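Below is one structure, written out as structure tokens, with a few remarks after it.
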């Protein structure tokens, strides 16, 4: 290969590489949220808009639907901050991943500690992550995010950010 061909190949390869930038997902307008969800303007409870979900709720409370989410890879997550008070039963954030072949899979925050921890009792702002791992090239066409709060209590969430899960092998 000539030097010019090598340079052209390198330029082509570098232009094909897509750099992923984390994407903050905006909350829907207040009138598009369920009746037990309140949207607070930035500055009232945090530096950014916050949704407030009151329980109990008989069914999962849908707070987001993201059509054509353009996830960064087959290893992605939503992350944000959660704060809660008086949450009587194990509650959690769940992300449903809907795929073009009609299959759906979910992730839930039901761990005992860390950013995947369940929501129960009282907590000041803490990190929350909802990761999902699929096969390479198997990407969702829609994400649906619910809050499940079977008992009483109040849960607050900052906007969620769609991000790539770091590769542990690198």
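Tell me the label only: which of (i) 43; (ii) 40; (iii) 49 is percent of Cα pairs over 22 Å apart as calculated from this structure?
Here the calculated entry is (iii).
Pick from 149, 38, 82: which is most flexible by mean-square fluctuation in a GNM of the chain where alpha carbon atoms under 10 Å apart are linked?
38
For the residue pair residue 59 and residue 113, what label-to-label distance in nm results when each label sits 7 Å from Cα along the Cα-to-beta-carbon direction?
It is 3.8 nm.
Quick one: helix 3-16 against the long Cα principal axis of the chain, what's the angle to the nearest 10°, folded into 0 to 90?
That works out to roughly 10 degrees.
Going by how many other Cβ atoms sit within 10 Å of their own, how do 63, 155 line up, fewest first? All intermediate terms of the calculation are to be shown ahead of the outcome.
Numbers: 63 21, 155 26.
Ascending Cβ contact count within 10 Å gives the list 63, 155.
Just subtract the alpha-carbon distance of residue 38 and residue 70 from 0.36 nm times their residue separation and send over the number in nm, one decimal. Each step should come with its number before you reach the end.
Values: separation 32, 0.36 × 32 = 11.52 nm, distance 2.74 nm.
Working it through step by step, the gained length comes to 8.8 nm.
Among 122, 90, 101, which one moves the most in a GNM of the chain with springs linking Cα atoms closer than 10 Å?
Evaluated over the chain, the most mobile residue of the options is 101.
Taken together, the values in this text are just the output of simple stated rules run on the coordinates, not laboratory data. None of the values given here were measured: they were computed from a predicted structure. No Cβ is skipped: glycine too gets one built from the backbone with ideal geometry, and neighbour counts run over all protein chains shown.
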